[in-house]
Amino acid sequence: MIRFEQVGKRYEDGTTAVDDLSFEVAEGELVTLVGPSGCGKTTTMKMVNRLIEPSSGRILLDGHDIAGADPVELRRRIGYVIQQVGLFPHKTVLENTATVPHLLGVKKDRARARAAELLELVGLDPAVYGPRYPEQLSGGQRQRVGVARALAADPPVLLMDEPFGAVDPVVRERLQNEFLALQRTVRKTILLVTHDLEEAVRLGDRIAVYGHGTIEQFAAPAEVLGSPATPYVASFVGADRGLKRLAVTPVGRTDLEPADPEDGAPGVRIPLGASLREALALLLQEDSGRVGVTDPGSGALVGVLTPLSVHRALRRASADA
């Protein structure tokens, strides 16, 4: 859906923001761009909707070179979510959400109906929140409205620049969970910029780890954490990358130990496919040192996890990376 071909951005003062970028984002894929400040990740994202023009190379959107597109029309076809949301303070939540459909010529009643659907989709009751103004919302609620507005014209591509960076950690984790659930429903092609490695790992189907204007590694989260491509990536992901892998390693049947009769009693359980991070968090709270694992469909107990089996699961994941 998005293809970079030897794209570079150099400014008149000689500064190179990005250099010779070549990568592709598949339709329905969520790719996170992560790296330190000034590494070129935001420049990369802004070149997709031509807020910044590349100096060399080309960018293709659904097979078409965006250099030949009208910038305004291009931006109306690409959803854009920023950290501070950028809602119009003089418009209600419903009016804010319906902004892009209005600009595209959608009739007012239809645009408002679409806005109401999207507010509900992001967990905001349109009857309650639709008439409110941005100043009457919490930071997390404003961020949800920003996502709803970006989706209002049903764009194939969504660009997100530090979308959850302005809220506290508890709200941030909840928004991340809700966004992942939303993405499973809408399946947009997404570029998401973040400086937070844990967020990149948690949200991305693949991660682009930036050095200074170049991508040092472009791979699935488990591969980045398990097999860093360069010393720079190894340093960036940190010595505790094994712990970070807990969040992206699902519990599989081969990781389980057989359940004994005592495990059938009510207790703490997780479904197959949950992350090892969730499993370990529960294990640390359980005096028994055992957490039941259930089949997601039937709810039947299929085995148990112990600290030893979590360790084996991590070793298995390392071998697979």
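The values are calculated or read from the model by the stated rules, or taken from the named source; none is laboratory data. Given the structure is predicted, the values throughout are model-derived calculations rather than measurements. These area figures cover heavy atoms from the full protein model, side chains too; ligands, DNA and RNA do not enter into them. Shrake-Rupley method; radii C 1.70, N 1.55, O 1.52, S 1.80 Å.
Calculation over all alpha carbon pairs of segment 58-104 in 5 angstrom steps from 0 returns a P(r) of 5, 16, 23, 21, 15, 12, 7, 2 percent.
To one decimal place, what orientation-averaged projected area in nm² is obtained for the convex hull of the Cα set of segment 215-258? Could the numbers behind the result be given before it?
On the way: hull surface 14.3 nm².
Dividing the Cα hull surface by four gives the mean projection, 3.6 nm².
In plain terms, the chain from ASP20 to SER138 could stretch by 38.4 nm, reckoned as 0.36 nm per residue minus the Cα-Cα distance.
Taken over segment 78-211, the alpha-carbon convex hull comes to 106 cubic angstrom per residue. Summed over qualifying helices (DSSP H, 4 residues or more, each -39500 (n - 2.57)) and divided by its residue number, the chain shows a 222 nm mean residue ellipticity of -10500 deg cm²/dmol.
Please compute the Kirkwood hydrodynamic radius of segment 192-233 from all pairs of different C-alpha atoms, in Å with one decimal. Computed over segment 192-233, the radius equals 10.3 Å. Over all pairs of different C-alpha atoms, segment 267-321 has a mean inverse distance whose reciprocal, the Kirkwood radius, equals 11.5 Å. By its C-alpha gyration tensor, with a ≥ b ≥ c as the square roots of the eigenvalues, how is segment 123-190 shaped: rounded for a/c under 1.5, else prolate for a/b larger than b/c, else oblate? Oblate, because a/c is 1.5 or more while a/b does not exceed b/c. Across segment 184-312, the volume of the C-alpha convex hull divided among the residues equals 127 Å³ per residue.
Hey, what did the chain get for relative contact order, percent, Cα under 8 Å, at least 6 apart?
Numbers: 587 pairs, mean separation 56.6, N = 321.
About 18 percent, as a whole number.
Calculated accessible area for the chain comes out at 48 Å² per residue, all protein chains present (probe 1.4 Å; ligands, DNA, RNA ignored).
Given N residues in segment 168-251, what is Rg(Cα) / (2.2 N^0.38 Å)? The partial results should precede the final answer.
On the way: Rg = 13.2 Å, N = 84, 2.2 N^0.38 = 11.8 Å.
So segment 168-251 has a normalised radius of gyration of 1.11.
Taking the protein heavy atoms of the chain in the context of the full set of protein chains, the accessible area attributed to carbon and sulfur is 50 percent at 1.4 Å.
Label segment 1-74 by shape, choosing from rounded, prolate and oblate, from the square roots a ≥ b ≥ c of the eigenvalues of the Cα gyration tensor; if a/c is under 1.5 it is rounded, and otherwise prolate applies when a/b is larger than b/c, oblate when it is not. Numbers along the way, then the final one.
Numbers: a/c = 1.76, a/b = 1.22, b/c = 1.44.
In terms of gyration-tensor shape, oblate.
Extension gain for THR214 to GLU257 (0.36 nm times residue separation, less C-alpha to C-alpha distance): 11.1 nm. Here the Debye sum runs over all C-alpha atoms of segment 23-152 as equal scatterers in vacuum, and log10 of I(q)/I(0) at q = 0.09, 0.22 Å⁻¹ comes out as -0.31, -1.27.
Beta bridges assigned by DSSP with both partners in the chain are antiparallel in approximately 50 percent of cases.
Filter LYS9/LYS46; LYS46/LYS188; LYS46/LYS107; LYS108/LYS188 down to the pairs with a C-alpha to C-alpha distance above 23 Å, please. Don't jump to the answer; show the numbers that get you there.
On the way: LYS9/LYS46 11 Å; LYS46/LYS188 17 Å; LYS46/LYS107 30 Å; LYS108/LYS188 25 Å.
From LYS9/LYS46; LYS46/LYS188; LYS46/LYS107; LYS108/LYS188, over 23 Å: LYS46/LYS107; LYS108/LYS188.
When every Cα-Cα distance of segment 103-157 is counted in 10 angstrom steps from zero, the calculated P(r) takes the values 24, 55, 21, 0 percent. Straightening the chain between ARG10 and ALA181 buys 57.8 nm, computed as 0.36 nm per residue apart minus the Cα-Cα spacing. Measuring nothing but how far apart in sequence close Cα pairs (under 8 Å, 6+ apart) lie, relative to its length, segment 159-244 scores a relative contact order of 20 percent.
Each residue of segment 223-234 was assigned a 3J(HN,Hα) from its phi angle through the Karplus curve 6.51 cos²θ - 1.76 cosθ + 1.60 (θ = phi - 60°); the sequence is 6, 4, 6, x, 9, x, 6, 9, x, 4, 5, 4 Hz, with glycine and proline shown as x. Sorted from longest to shortest, the spans of the Cα atoms of the chain along the three principal axes equal 66, 51, 32 Å.
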